[in-house]
1. Could you give every pair whose Cβ atoms fall below 6 Å, whose first residue belongs to the stretch 252-263 and is under 12 Å from ILE105 (Cβ atoms), and whose second residue is open to solvent by less than 10 Å² (accessible area, probe 1.4 Å) and assigned to a loop (DSSP other than H, G, I, E, B), counting only separations of at least 6 or pairs across chains?
2. Working carefully through the options ALA378, ALA385, ALA322, find the one that is assigned to a helix (DSSP H, G or I), open to solvent by 10 Å² or more (accessible area, probe 1.4 Å), hydrophobic (A, V, I, L, M, F, W, C) and modelled with pLDDT of 85 or more.
3. Tell me, yes or no, whether the stretch 94-104 has at least one residue that is open to solvent by less than 10 Å² (accessible area, probe 1.4 Å) and among the hydrophobic types (A, V, I, L, M, F, W, C).
4. Out of curiosity, is SER144 assigned to a helix (DSSP H, G or I), open to solvent by 30 Å² or more (accessible area, probe 1.4 Å) and either at pLDDT below 95 or touching an Asp or Glu at 6+ places or on another chain (Cβ under 6 Å) (or both)?
5. Counting just the residues of the stretch 62-118 that are polar (S, T, N, Q) and over 13 Å from VAL42 (Cα atoms), which one comes out farthest from the chain's Cα centre (by Cα)?
6. Pairs under 9 Å by beta carbon, first residue free of Cβ contacts under 8 Å to residues at least 40 places away in the same chain and farther than 13 Å from LEU176 by Cα in the stretch 127-138, partner open to solvent by less than 10 Å² (accessible area, probe 1.4 Å) and assigned to a loop (DSSP other than H, G, I, E, B), six or more apart or different chains?
7. Out of THR372, THR348, I need the residue that is hydroxyl-bearing (Ser, Thr, Tyr), closer than 27 Å to LYS297 by Cα and not in a loop (DSSP other than H, G, I, E, B). Which one?
8. Does any residue of the stretch 266-274 turn out to be open to solvent by less than 60 Å² (accessible area, probe 1.4 Å), farther than 20 Å from MET53 by Cβ and in a loop (DSSP other than H, G, I, E, B)?
Amino acid sequence: MKKTLYKAVISKIFVLSLYLVSFITTIFPVFEANALSHPVIVLCYHHITDEPMSNFPNTKAIIPKEEFENQMKYLYENGYHTATLSEIQEFLYNKLPLPEKTVLITFDDGYKSVYDFAYPVLKKYGFKAVVFLVGSSIQKDENSKESTRLKHLYVKQLQEMYKSGVFEFGSHTFNLHHLVDKKSFLTLTEKEEITKDFQELNRFFKEIGLPEPKAIAYPYGQYNKTVIEISKKYYKLGFTVSVREGTINKASDPYTLKRIIVPPGTSQEAFSLILKGKAKNINITPKYPNITRLIIKEKEHIKSYLIESFTKGNSNFVAAKAFFAPLGVDTHWDEKSKSITFKNKDITLRVFPPNGNAEINGSPLDTKIEVTLKNGKAFILPEKASNYLGFNLKRNDLEKAFFYYKE
């Protein structure tokens with residue numbers, strides 16, 4: 001009797017153990033596999049505006065305030081989880097399970113509009129986001145003067161944003177965010193200079209009370225072996241940008257993580273496709289703000305200025321006063337003669353719109369300098385004027401950038 005009872009108990013225990021083994025090896029691995037198999041979508045934004053988009057023609061990196069708000073509302077109403085960099089790090093390195101609907105919201109460059117427009121919306125929905133800062137562009141305070149149309153964040157705003165728990169901050173380099181002959185300046189820089197730049201950004205973060213950045217977004221999405229090698233010494237994550245894809249999964253390389261730029265005019269249907277990793281089905285062609293970059297290199301120092309501009313045919317007109325101010329040129333409108341005067345040391349260049357007649361130090365020039373008035377500002381084709389004023393500028397058409405090398 002006891003022997004029969006013993007066999008029955010053993011048999012039931014055996015059956016129960018098989019059931020438990022089956023449960024453990026099927027249910028939990030399925031949960032884990034599902035949690036890890038769903039990609040994380042990484043969204044990339046730049047500047048958000050409350051101005052008419054007609055003020056920003058041909059851009060794919062500036063979006064209206066209303067569109068950003070609607071996209072965040074869509075994420076909230078559809079149950080999306082907004083990840084932090086720490087969660088992404090754990091997801092990639094330690095296979096941390098994340099919710100099926102997970103996005104990472106990122107902003108590049110550190111524009112003030114992130115504070116003005118994105119911050120309140122993200123707080124409203126309890127979302128998290130990352131801002132990749134160009135350290136040299138951050139302003140000391142709200143009274144700091146910038147010669148660029150798109151204003152950048154200042155220190156107190158960064159501190160407030162960090163303390164709120166909504167934002168964390170990453171690296172967009174300290175001062176290597178430039179293009180040279182269609183290539184990111186970061187990829188053209190020697191190891192020692194890249195190291196110095198990364199260290200300078202770390203010092204800057206510490207100085208203003210931010211933790212050292214754990215991630216970098218490569219300027220223009222460009223990188224090479226040297227950039228990756230040095231990034232691994234300072235960061236746990238590295239982000240690029242993609243025209244068609246912004247998904248990462250457990251097998252992704254932590255230092256070449258893709259992000260997708262969300263362009264203006266993105267419909268709800270298109271946005272939903274982006275979130276499903278199906279952006280290849282929609283027409284997205286990233287372009288950068290309709291601005292001109294003036295980059296001045298003097299010995300080991302590089303300064304970059306964003307200048308309001310517009311394109312007419314193949315000509316790129318820049319805001320005259322903002323463009324020439326960093327070069328030390330005094331620019332003003334002479335109401336009496338209805339002309340624009342540029343003065344650089346002992347050189348005085350006077351241009352008469354709209355016909356472009358010009359004179360230098362009072363003597364008429366044989367050539368004309370194209371200039372036009374728009375929205376109360378004077379816009380000029382800078383090449384000829386620069387030459388007459390003693391500056392040898394090199395032009396890069398890809399980003400409408402002008403380089404000036406001071407000896």
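1. ARG259/GLY246; ILE260/GLY246
2. ALA322
3. yes
4. No.
5. ASN94
6. Pairs found: VAL131/GLY110; VAL131/LEU153; VAL131/HIS172.
7. None of the other options fit; the residue is THR348.
8. no
The values are calculated or read from the model by the stated rules, or taken from the named source; none is laboratory data. Remember, it's a predicted structure, so these values are computed and weren't measured experimentally. Quick reminder, even Gly has a Cβ in these numbers, built from the backbone with ideal geometry, and neighbours come from all protein chains shown. Note: areas computed on protein heavy atoms with side chains; ligands, DNA, RNA excluded. Shrake-Rupley method; radii C 1.70, N 1.55, O 1.52, S 1.80 Å.
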